[in-house]
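Asks: Let me give you the structure first, and then I'll get to my questions.
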Amino acid sequence: MATMNISIPDPMKNWVQSQVETGVYANSSDYMRDLIRKDQERHSKTAIL
């Protein structure tokens, strides 16, 4: 699996961490992968239209 480092402002980092703390996501990478998958699905649906 490839690694990508991103820079985000503290409020966004805090938001990601809060999502992880809910227990739905194992870690911040898991959360980001879910966001990317959802974005890919949205773009696929838009392309079909």
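Every number here is computed from the coordinates shown, using simple stated rules; none is lab data. Values in this document were obtained by computation on a predicted structure and should not be read as measured data. Counting neighbours? That spans all protein chains shown, and the Cβs are built from the backbone with ideal geometry, glycine included.
Asks: I'd like the residue in the stretch 15-49 that is assigned to a helix (DSSP H, G or I) and either aliphatic (A, V, I, L, M) or in contact with a Gly (Cβ under 7 Å, 6 or more places away or on another chain) (or both) and, out of all such residues, is farthest from T3 (Cα to Cα).
Replies: Within the stretch 15-49, the first condition is being assigned to a helix (DSSP H, G or I), and the residues that meet it are 15-21, 28-48.
Filter once more, so that each one left must be either aliphatic (A, V, I, L, M) or in contact with a Gly (Cβ under 7 Å, 6 or more places away or on another chain) (or both): 16, 20, 32, 35-36, 47-48.
Numbers: V16: 18, V20: 19, M32: 12, L35: 16, I36: 14, A47: 28, I48: 31 Å.
Among those that are assigned to a helix (DSSP H, G or I) and either aliphatic (A, V, I, L, M) or in contact with a Gly (Cβ under 7 Å, 6 or more places away or on another chain) (or both), it is I48.
Asks: Here's another thing I want to ask about it. Only one of S18, S28 is of a type in the set (G, A, S) and in contact (Cβ under 8 Å) with a residue 12 or more places away in the chain; which? Break it down stepwise before answering.
Replies: Numbers: S18 fails: in contact (Cβ under 8 Å) with a residue 12 or more places away in the chain.
Residue meeting the stated conditions: S28.
Asks: Identify the residue in the stretch 8-23 that is among the β-branched types (V, I, T) and surrounded by fewer than 13 Cβ atoms within 10 Å (Cβ to Cβ) and, among all such residues, is nearest to the chain's Cα centre (by Cα). Lay out the reasoning, then the answer.
Replies: We begin by selecting, within the stretch 8-23, every residue among the β-branched types (V, I, T); these are 8, 16, 20, 22.
Remaining after also requiring surrounded by fewer than 13 Cβ atoms within 10 Å (Cβ to Cβ): 8, 22.
Details: I8: 12, T22: 14 Å.
Across the stretch 8-23, the extreme among qualifying residues is I8.
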